[in-house]
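Just below is one structure, and these are the notes that go with it.
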Amino acid sequence: MAAFRTALGNVIFTEAAEITYAEIIDALSTEYSLRGFYRWAADHPVTKLEHDKLCAGLLVEARKLRLEFDTYLPYGTVFDWHGM
């Protein structure tokens, strides 16, 4: 479990995770990240709103929340992957 906590801690401190978390808080991807996984569509909200950057302050907010994130999982934690 210690290895998992270390790995998770390392991942959440990457730039990609930081930006992704900020986009989740923003509730809308940026045009740049959307193009990475979705075909261009004129009617997509990101395109319509010309959402080319995160809303002000969200990257700072994501960094604050990241520092509060607890990677500790109690011993015996089991994920029900089939119930998702």
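What to note about this one:
- Per DSSP, loop GluC sites (Glu not before Pro) in region 21-84 with at most 12 further Cβ within 10 Å: Glu50
- Between the entries [x] 6.2; [y] 6.6; [z] 7.4, the label attached to mean projected area of the Cα convex hull in nm² calculated for this structure is [z].
- If you run the Gaussian network model on the chain, springs between alpha carbon atoms under 10 Å, then out of Tyr38, Tyr72, Tyr21 the most flexible one is Tyr38.
- Label-to-label distance, nm, for residues given as Lys48 and Leu28 (7 Å Cα→Cβ offset): 1.0 nm
- For His51, the shell of other residues with beta-carbons less than 10 Å away shows a net charge of -3, using +1 for Lys and Arg and -1 for Asp and Glu.
- The chain: most fluctuating residue of Phe13, Phe69, Phe37 per GNM, C-alpha cutoff 10 Å: Phe37
- When each of Arg66, Arg35 is scored by the number of other beta-carbon atoms lying within 10 Å, the sequence from fewest to most is Arg35, Arg66.
- Computed over region 22-84, relative contact order equals 36 percent, with contacts defined as Cα pairs under 8 Å that lie 6+ residues apart.
- Fully extended contour minus Cα-Cα distance, from Tyr38 to Ala56, at 0.36 nm per residue: 4.1 nm
- Whole-angstrom gap from region 44-65 to region 1-19, using each part's C-alpha centre: 22 Å
Read-outs: derived from the displayed coordinates by stated rules, not from any lab. Note that the coordinates shown come from a computational prediction; the quantities given were computed from them, not determined experimentally. Glycine also receives a Cβ, built like all others from the backbone with ideal geometry; neighbour counts cover every protein chain displayed.
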